[in-house]
Amino acid sequence: MISSIWTEKYRPSKFYELVGQDEIVKRVESLTNSMNIPHLLFAGPAGTGKSSLALIVVKELYGQNWHENYLELNASDERGINIVREKVKNFARTKSLGKVPFKIIFLDEADALTPEAQQALRRTMENYSSTCRFVLSCNYSSKIIDPIQSRCAIFRFKLLEKKDIEKYLMDIVKRENLTISPESMEIIYEGSEGDCRRATNLLQATASISPNITPELVSTIISNAKPKDIKVVLDYALAGDFQKAREKLLDVMLKESISGQDVIKSIQKEIWNLPVEPELKVKLTEKTGETEFRIVEGSDPFIQLQALLASFVLAGLGKE
Amino acid sequence: MSPWVERHRPKYFSEVKGQDEAIYKIRRFLEEFNSEKSKKAIVLHGSPGIGKTTIAHVIAKETDSELFELNASDFRDKKRLEEILKPAIEQKSLLNKNKIILVDEVDGISSTDRGGLPELLSLIETSTFPILITANDIWDSKLSPLRKKSELIQLKEIDYKTIKDVLIWILRKEKHFIDNEVLTKIAIQAKGDLRAAINDLQTISEMQDSSKVTFDERNKEVDIFNAMKLIFKGRATESTLKLFDSVNMSIDEIILWIEENIPMEYSGKELARAYELLSKTDLFKGRIYKQQYWRFLVYENIFLSYGISSVKKNAKTGFTTYKRPTRILKIWMNNQRTAKKKSIAIKYAEYCHIAQKRAMKEFPIIKQIINSNPSISKELKLDNEELEYLRG
């Protein structure tokens, strides 16, 4: 079945389709052809082809039966040692089906694993090396403990350049019968921050409104996707409307599911952008610092934040 | 017109909701009764309104037994138990049926019921019939000998979803309609007490416009509104300090009430000062949790009562409608919403080989994409509730 989600529909399925990582692709392809791959470590930013390359390897190796011989886990969702002890070991324990003598475990975002879990993983990699190969992916290889790094062949994925993403997107544009201007392409690229998956999603989200991809449409989609910021809360408070400020604060915290500590962090940064006297900035920062301390020490961050807003109201009225 | 609680009291096991496990245990107890190891009595315990007495009646009916009941309205001293309960325990049923003895609300056997408990214990020994006993609090020290002699079965508080189902079932039979949101509210406010929920339901059903209805939480808020008035309107006096002793509510709940209502009365400097004190209150609350140093409670109480009251220059007049704290409900409702968002993100993440966390972060775009093409939701195997969430 061909997926209707473009990140899947247009996910490269052959080595030559992967854009922007020519060197790596060449090396991995020859390893795959020899049917004897070592453990692999793919390091690099999001959306540069790590998961895609792993999937290509697996499909090349096992053909139709790839599902039985492949386990994909995401370490950022389950970071503890149990993921290694249960899922990984259970899968690694049994032999592979078919002519390839090993199975493959793809551990995505392995840098999110706790050091403890990584230690457990290290032993597992050795004990099951006869039946299993690991492909680890991570954003920062420095967060992977040395013993694991030394057991893997390391591949560093580059951030995709504009021309790579453009090439990939233009192919989709053609096949989906879209029209796009260079300007829109530029905005999508900026919004994607070099993440090809995100770029594809932005393109599909925009195309879901109109096949004519205009800069305005793209910008709307991007700004809708941004989390609502805390500034509006401060604006209300400094204008003296405590009730509104407090209501908005709860709203933002719940909708974006951000913690009290995240909120205080952005308030602290936002103070420097406020149109107020330097002396007041310092005073507000003092209050904010005290509030952050109380959030850590107290029990209910929302009460502390309200107290802060109340003092901002006072400051806004020029009474303190 | 009989109260709904009576009219819709379950008659069969199938109508008793939310207590399957307890019912299973009771049936097994009855089946094994009179075997060697079995105990003679069973204590059904748990908070009010969850079905203890109802279950006892249903069991008698379903097992075609005669029920002999003794409850708190009866005197239960040694003499009465001897006179009334003893014969019942010794005589066969008149109708030649099985017999079940029900001693309802055993923790209500008071100190004036002299010798009542010891007598009950000795009757349990000799009984040839199963004895069902109900109690709210079986851990009361005076009941400790009873605990040893009987099998204990705890009945669970009923979760709000089950309560809501029962409310809907009753409404259907009564041919009444009440707004879904109101039903949810009733079910949550009942805090596991099904009887309370049904009573609230009946009260509300008799009103004209049930969507605008607010109702009192059982026996708690009678004085909290008054307490708010005394704090926010009046001057701080010595009696303000002791105010919360007479409010039947935990200090944590009172904190939420104060939090909600400060801006109803105070503004400017008073507002800031009041929140400063509330902030300190919370600070001490955190310190108590972390250090288990309970004397800090003194400061919590002083700031919250006298402190918050003292921030105003003059006593206030006029009428203020104080509000029930809404934050907890908002958080709860948001969690319900987030739960659906999360289950969609999980499906998407697995299908598209990315982390759930990333799917959550990029949810607005993902939502836009899923909504654009119905075949995507089929691919992801989204269920109806998830689809509804996406549409909303």
What are the radius of gyration and Dmax of the range A:186-310, computed over its Cα atoms and given in Å? 18.3, 54
Mind checking the range A:29-95 for trypsin sites (Lys or Arg not before Pro) that DSSP puts in a loop (not H, G, I, E or B) and that have at most 14 other Cβ atoms within 10 Å? A:Lys95
Using a ≥ b ≥ c from the Cα gyration tensor of the protein assembly as shown (square roots of the eigenvalues), is it rounded, prolate or oblate, where a/c under 1.5 gives rounded and otherwise the larger of a/b and b/c decides, a/b for prolate? oblate
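As a quick test, which of the pairs B:Lys17/B:Lys39; A:Lys231/A:Lys281; B:Lys11/B:Lys164 have an alpha carbon distance above 21 angstrom in this structure?
B:Lys17/B:Lys39
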Percent relative contact order of the range A:226-301, based on C-alpha pairs within less than 8 angstrom and at least six residues apart? 26
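Got a sec? How would A:Tyr16, A:Tyr189 order by Cβ neighbour count within 10 Å, fewest to most?
Going from least to most buried by this count: A:Tyr16, A:Tyr189.
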Starting from the Cα gyration tensor of chain B, take the square roots of the eigenvalues, sort them a ≥ b ≥ c, and report rounded, prolate or oblate (rounded when a/c is under 1.5, otherwise prolate if a/b is larger than b/c, else oblate). oblate
Among A:Ala310, A:Ala225, A:Ala110, the residue with the largest mean-square fluctuation in a Gaussian network model of chain A built from Cα contacts under 10 Å is A:Ala310
GNM, chain A, Cα, under 10 Å: largest mean-square fluctuation among A:Val263, A:Val88, A:Val57? A:Val263
21 Å Cα-Cα threshold exceeded, pairs from A:Lys287/B:Lys330; A:Lys255/B:Lys330; B:Lys161/B:Lys191; B:Lys161/B:Lys330; B:Lys330/B:Lys378: A:Lys287/B:Lys330; B:Lys330/B:Lys378
As an exercise, identify the trypsin sites (Lys or Arg not before Pro) in the range B:279-341 lying in DSSP coil whose Cβ has no more than 15 other Cβ atoms within 10 Å. B:Lys313, B:Lys316, B:Lys323
Taking B:Leu278, B:Leu117 and counting other beta carbon atoms within 10 angstrom, the fewest-first order is B:Leu117, B:Leu278
Charge context of A:Glu186, other residues only, Cβ under 11 angstrom, K/R +1, D/E -1: -2
Take every DSSP beta bridge whose two residues both sit in chain B, then give the antiparallel share in percent to the nearest 5. 0
With Cα springs under 10 Å, the Gaussian network model of chain A assigns the largest mean-square fluctuation among A:Ser259, A:Ser129, A:Ser76 to A:Ser259
Under a Cβ-Cβ cut-off of 11 Å, what is the net charge of the residues other than B:Ser305 that fall near it, where Lys and Arg count +1 and Asp and Glu count -1? -2
For a footprinting-style exposure proxy, rank B:Glu300, B:Glu386, B:Glu253 by other Cβ within 10 Å, fewest first. B:Glu253, B:Glu386, B:Glu300
Cα gyration tensor of the range A:1-124, axes a ≥ b ≥ c as square roots of the eigenvalues: rounded (a/c below 1.5), prolate (a/b > b/c) or oblate? prolate
Surpassing 25 Å at the alpha-carbon level, of the pairs A:Lys9/A:Lys163; A:Lys50/A:Lys89; B:Lys40/B:Lys97; A:Lys14/B:Lys361; A:Lys143/B:Lys367, are A:Lys14/B:Lys361; A:Lys143/B:Lys367
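Expressed as a fraction of 2.2 N^0.38 Å, the rule-of-thumb size for a compact globular protein of N residues, what is the C-alpha radius of gyration of chain A?
So chain A has a normalised radius of gyration of 1.27.
FYI, it's all coordinate maths here, none of it is from the lab. Keep in mind that what you see is a predicted model, and the values were worked out from it rather than measured. Counting neighbours? That spans all protein chains shown, and the Cβs are built from the backbone with ideal geometry, glycine included.
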